[in-house]
Each structure stands twice: as C-alpha cells, then as structure tokens.
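One structure is given below, encoded as structure tokens.
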Amino acid sequence: MNLLKYLLVSLFIAPLAIDAQVAPIPYELVYQHTIKIPSNTEQTFIDYGNNLYFVTKDQITRQSLATGIENVQSQKAWQSIDQIISINAMKTVVFSQTQQQLCFTDNTLSQQGNCIDLQDYDLTNVTKVAASKRPDMLWLYDELNSTLVLFNFVQHQIIQSVSNLRGILNLQGEPRLEENATGLWIFTNTGQIIRMDDYLNAISQQSFPFSSIVPFKNGCFFLRDEKLYYNSLINGETMLQTISTFSPKDKLHISGNQIIIEKSKTLEVFIIKEN
C-alpha cells in the first residue's frame, strides 16, 4: 500500500518538476525577408523607426524597411561616422567619435543647423551615444572620468551627469548604451548587463557571455555559441527556435517589432510575435 502511494505521488510530482524546469518561450520569430547589404558598405546602422543606414566613407544611404525608398547624402562635415541614431521620424543624429561632434539631419539626410562640438561642454572623449525616451535629449558616455551624461541638444545643456560610472557599477570592458521604455541599458563587451532607471539608479545587474545583444521590452535578445536566446529577470533564459545559421560576427538589431540579424552581406528580417 505504501509503495502504491509512493508511485502515485511520484507520477503526480514528476510532470510538475519537469514543467518547473522548462521556462516558457516568450516570443516567436516569423521570417519576413532578406535584404542585401550594398557592396563597399563599411558600416550598417538600423534605428527603431524601421530605417536602414549604409555608410561608405562620408556617404550615408538611408533605406526605409517599410517602403524601400532610399535617400543618399554626403557631407564634408562627416569626416568619420561612428553612430547613426534616430531621434524621431524627422530627426537623426550622426555621431563622430574622432571629431567629438553631433550632427543632425532631417528624414532626407539633409543637415539641420550646425554640428555640436562636445568639447564645448568639457566632454573630450565621448565614445557612445544613445537616444533618450525623453524629448530632445541624448545619453552620452565620456570615457574620461567614465561620465554618463543626459544632454539636451535643443537647449545645449547637460541635464544629468554621473562621474566614475566604472567605479560605481564595477564596469569592465567597453560600455554600450541603449534606452527603451523599461530603462537605460548598459552592455559591456565582457558580458555585463545593467539596467538603470530615470534617476540613474541601477535596478538590475546580470552577467553572462554573449556575442551580440539588444534590449526588447523588459529583457534582451542575445547570441551565444551561434544560438539565439531571450533573457528576462522574470523568466530567466530561454533558447529560441533555430531560425538561421549564426556566426560569432553576426549582429542583432531591434526596429519596432522586428529583430534584424546582420550578417556579412545580408540582413535577415523577422517579426517578433508574443506567445
């Protein structure tokens, strides 16, 4: 009798234990199409507004993911281009680390006004820039004194500033900034993932290896060992279905509800569907 009870209890508990160990897959990726990267492209940027930017020297080609319409612009002021960031549908920022300047364009890539020289604000070694969810503002990371700055580019004013970020957060490696609705994300090439609130308090910190990572909602898509994962603090880490053959050099981009996988010569576009 005791043996029978043991078997019944074991049969009841076993499925529950298995279910508890298997995290639900939060998203499904639906393939849309593949875009060929133009020849001679040196850098590719993708913004949150469904726009692609292909850079060759000082020339930028902007292509809409939605319509396929292209704009091409070349400016002598763009001696080097390190980042292209969309502020909104009508304004884009071109950042040059070499020149330590921010230049602004409209949706046709025509330059708007004069470029901002960051050295005028005692920022001499800005390495990364990110769009803020707050209007007219950008996040800047200055490696000198590891300073994080919230900069109003309309009023030309520093709104918030935190120095010694490396010491405060124990940052290792090179940081990269991205902000979405859930906070400001800081990723390092040593595997650190830190999320900060509007008051620059660290609200979550994780560390795990990845070759490419992008924030999406309250978690992140990332590549590791040629596989695609999604990680959130609530559900932990889940591996998504095999959708492509990955390589360590592949890069992930988020644009709206799409995830784009940048390969050496192509961009693979997928719609993100919530399960």
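The values are calculated or read from the model by the stated rules, or taken from the named source; none is laboratory data. Bear in mind the structure is a predicted one, so any value in this text is a computation, not a measurement. For neighbour counting, all protein chains shown are included, and Cβ atoms are generated from backbone atoms with ideal geometry for every residue, glycine included.
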Practice task
Quickly run through the range 151-181 and pick out the residues that are in contact (Cβ under 8 Å) with a residue 40 or more places away in the chain and more than 17 Å from the chain's Cα centre (by Cα).
Solution key: F153, H156, Q160
Handout entry: Condition check for E179: part of a strand (DSSP E or B), at negative phi, surrounded by fewer than 20 Cβ atoms within 10 Å (Cβ to Cβ) and out of contact with any Leu (no Cβ under 9 Å at 6 or more places or on another chain)
Key = no
Practice task
Hey, could you check the range 70-81 for residues that are in contact with a strand residue (DSSP E or B) (Cβ under 7 Å, 6 or more places away or on another chain) and either surrounded by fewer than 16 Cβ atoms within 10 Å (Cβ to Cβ) or in contact (Cβ under 8 Å) with a residue 60 or more places away in the chain (or both) and say which is farthest from G113 (Cα to Cα)?
Solution key: E70
Exercise for the section: For the range 190-275, please list each of the strands (runs of 3 or more DSSP E) lying entirely inside it that holds at least 1 residues being of a type in the set (S, T, Y) and either under 13 Å from L29 (Cβ atoms) or without any contact (Cβ under 8 Å) to a residue 24 or more places away in the chain (or both). Expected result: 202-207, 227-232, 236-239
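Condition check ((1) within 17 Å of L177 (Cα to Cα); (2) modelled with pLDDT of 95 or more) across all residues:
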residue: A77; (1), (2): no, no
residue: S80; (1), (2): no, no
residue: L102; (1), (2): yes, yes
residue: D106; (1), (2): no, no
residue: Q112; (1), (2): no, no
residue: D120; (1), (2): no, yes
residue: L123; (1), (2): yes, yes
residue: V129; (1), (2): yes, yes
Practice task
Return yes when I84 is free of Cβ contacts under 8 Å to residues at least 60 places away in the same chain, under 24 Å from L140 (Cα atoms), surrounded by 16 or more Cβ atoms within 10 Å (Cβ to Cβ) and under 19 Å from the mean Cα position of the chain (by Cα) and no when it is not.
Solution key: yes
Exercise for the section: Could you list all residues from the range 39-87 that are part of a loop (DSSP other than H, G, I, E, B), within 19 Å of I259 (Cα to Cα) and charged (D, E, K, R)? Expected result: D47
